[in-house]
Structure formats: structure tokens, C-alpha cells
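The values are calculated or read from the model by the stated rules, or taken from the named source; none is laboratory data. Keep in mind that this is a model prediction, so the values were computed, not measured. With ideal geometry, Cβ positions are generated from the backbone for all residues, glycine too; neighbour counts draw on all protein chains shown.
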Amino acid sequence: MSLKNKFRLYFAAVIFAATAAGAQSAATVTIQANQPGAVVSSNLFGIFFEEINYGGEGGVYAELVRNRSFAGSASPDFWTLVTNGIATGTMSVDTSQPLNTNNLRSLQLAMSSGSGSIGAANSGYWGMSLQSGATYDQWLHQRNH
């Protein structure tokens, strides 16, 4: 008997013993260690992608700003209106002036009253890992210098 079949037999015996010890009634297990299992083609291959912590949402590079191009929604999801002074205003997704064919939406801020300023904030994915002394370009992707 081959080592592989001995292992199968031992494993089946352990499972049988554990099952029999916990069962109220007797059970029968038949092991056919001399019969081959299912044939699996050597041509089978594939890729597995598990979406962990939104790792695939931003593309290949590490994304800092969450929903930076306002995709998939008519509202500015994950963005917050920020006011300074006694200014009040609104924020909305604008499709009237696309940046280019890839970015059809932008954020529109409108100050409605008061003095001061308004802006928008995005906390990224559970914060943004910004490093002291690092340079970031207009898209907020870190550049190595």
C-alpha cells in the first residue's frame, strides 16, 4: 500500500473514530483506498481576487482619496462640506463640465451666504497615510523624489 493510501486510511479511521465517539448510533464507513479519485485536468488555471479593505476599488496603485472621481453616484459620497467663519454653502456632483472622457463628474461648491470660506474634505479609507517631507501631486498620489 502506498504512503498516500496509508495516509487516506489513517485519516478516514481518525474521522470514523471521532464520529463514532460522538454519535448515538453506530455508523459504517467504507474506504476504497485502492480506487483513484477524480481526474483533474492539468490545463485548469485561473486567478483569484479577494477584495480586502477596498484594495481593488482604486485601481492598481494605492488610492488615498476615496471616491476621487465621484463615480457611481449622483451625490458626493465620502466627501464632507467644510466651512470657515460663518459661511454656508452646498456641495454637489456636477456633470455639466467634464474634465475629460474618463472623468465625467466633478465636485461643485457653492457658497450661499456669510463670510469666510467653504471647501470639501475627504478622509480617504480609514484616514490617509501622509508622510512628513513627502511630495504629493495634484491627484494626491505620492511621488518618490
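General remarks:
Conditions tested, residue by residue: (1) in a loop (DSSP other than H, G, I, E, B); (2) surrounded by 10 or more Cβ atoms within 10 Å (Cβ to Cβ); (3) modelled with pLDDT under 80.
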position	(1), (2), (3)
S25	yes, no, yes
V39	yes, no, no
E50	yes, no, yes
L64	yes, yes, yes
F70	yes, yes, no
A74	yes, yes, no
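- With respect to the conditions (1) touching a residue at least 40 places away in the same chain (Cβ under 8 Å); (2) exposed (fewer than 12 other Cβ atoms within 10 Å of the Cβ), I86 lacks only one, and its number is (1).
- Considering segment 98-134, and only residues there that are part of a strand (DSSP E or B) and of a type in the set (S, T, Y), the residue that is farthest from V65 (Cα to Cα) turns out to be S113.
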